Amino acid sequence: MQTSQSIIPLRPLRYISLLAAILLAQLLIISYYVSGPDEIAQAAAQEGNLIDWSSALGYFIGVATMLIFGGYHVIRYHWPLMLSLALLGMRELDLDKKFSTYGLFKSATLKASDVSLLEKGITIVIIAAIASLTILLIKRYWRTLISSFFHLEAVSFITCFAGGMLVLARTLDGISRKAADFGVVVTQHNEILTTIAEEVLELGAPYTFILAFFAYRRIYLAAR
């Protein structure tokens with residue numbers, strides 16, 4: 001969450017301690033389900049559960065927080081981030097599946113004969129728009145994000161953790177199918193636990209992004 005301005009150094013200890021609290025909360029939630037019966041963990045891992053709704057709420061709170069506390073500067077310079085958070089929130093609510101025959105990101109949507117040309121066209125436009133947004137995010141933030149991360153700058157450090165949660169969650173998604181490609185069999189018990197870990201990582205990501213925003217707000221206001 002930085003502009004083209006030079007990196008403003010800030011002791012990250014206050015924000016890193018809050019990040020540690022988020023990570024600890026995630027570990028406690030995962031430990032609770034790991035230590036309990038599979039039935040409870042399996043119920044929590046179902047689509048549309050409380051964790052999914054809490055994750056979606058976190059993204060929408062993040063957008064609202066940036067609007068309310070960020071003001072014109074954040075809206076003008078960081079609207080791609082706000083839009084990305086909103087899209088991630090909608091993704092947590094499975095809106096990409098509810099309004100598409102096979103799912104917005106499923107190749108079957110474009111290949112199936114029972115999908116209308118209109119739906120295929122809308123799907124292509126949406127995917128192209130998301131791809132363009134992704135490219136814009138990379139061009140605008142990637143270089144500064146990485147360079148300041150190694151200087152332990154609070155905003156980039158926390159943002160990278162949030163992004164890492166999402167990457168790890170995507171890696172765990174469908175782990176049994178992915179492992180089967182390499183001849184590895186994942187037991188039902190372990191699959192349930194990895195699904196819980198995935199859900200909890202996705203839960204922590206939006207609140208970690210919110211923490212990164214408040215770190216950014218502290219830096220930006222201090223520089224004015």
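Laboratory data are not the source of any read-out in this text; all were calculated from the coordinates shown. A quick note: this is a predicted structure, and the numbers were derived from the prediction, not measured. Every residue, glycine among them, receives a Cβ derived from its backbone with ideal geometry; neighbour counts consider all protein chains shown.
Taking the Cα centre of the chain as origin and assigning +1 to Lys and Arg Cβ atoms and -1 to Asp and Glu Cβ atoms, the resulting dipole is close to 1220 debye. Backbone geometry of region 174-190 corresponds, through the Karplus equation with coefficients 6.51, -1.76 and 1.60 at θ = phi - 60°, to 3J(HN,Hα) couplings of x, 5, 5, 5, 5, 5, 4, 5, 10, x, 9, 9, 9, 5, 4, 4, 5 Hz, x marking Gly and Pro.
Between residue 125 and residue 53, the FRET efficiency from the beta-carbon distance, with R0 = 41 Å, is close to 0.90. Comparing 67, 195, 207 along the charge dipole axis of region 13-223, the residue lying farthest to the positive side is 67, per the Cβ-charge model. The lysines within cross-link reach of residue 98, meaning a Cα-to-Cα straight distance under 28 Å and a gap of 8 or more places when in the same chain, are 106, 111, 120, 178. Set the Cα radius of gyration of the chain against 2.2 N^0.38 Å, with N its number of residues, and you get 1.12. Couplings for region 74-85, taken from phi via the Karplus curve 6.51 cos²θ - 1.76 cosθ + 1.60 with θ = phi - 60°, read 5, 4, 5, 9, 10, 4, x, 5, 4, 5, 5, 5 Hz in order; Gly and Pro are left as x. Going from the fewest other Cβ atoms within 10 Å to the most, the residues 200, 184, 115, 63 appear in the order 184, 115, 63, 200.
Taking the longest Cα principal axis of the chain as reference, the axis of helix 13-35 is set at about 20 degrees. Working note: Karplus 6.51/-1.76/1.60 with θ = phi - 60° gives region 102-111 the couplings 10, x, 4, 9, 9, 4, 4, 4, 8, 9 Hz, where Gly and Pro are set to x.
Taking 0.36 nm per residue of separation and subtracting the current Cα-Cα distance, fully stretching the chain between residue 171 and residue 83 would add 29.3 nm. Per-residue Cβ neighbour counts within 10 Å put 17, 113, 148 in the sequence 113, 17, 148, beginning with the fewest. Footprinting exposure proxy ranking of 96, 38, fewest other C-beta atoms within 10 angstrom first, gives 38, 96. Only helices enter this figure: runs of n ≥ 4 DSSP H residues, each worth -39500 (n - 2.57), summed and divided by the residues of the chain, yield -27000 deg cm²/dmol at 222 nm to the nearest 500.
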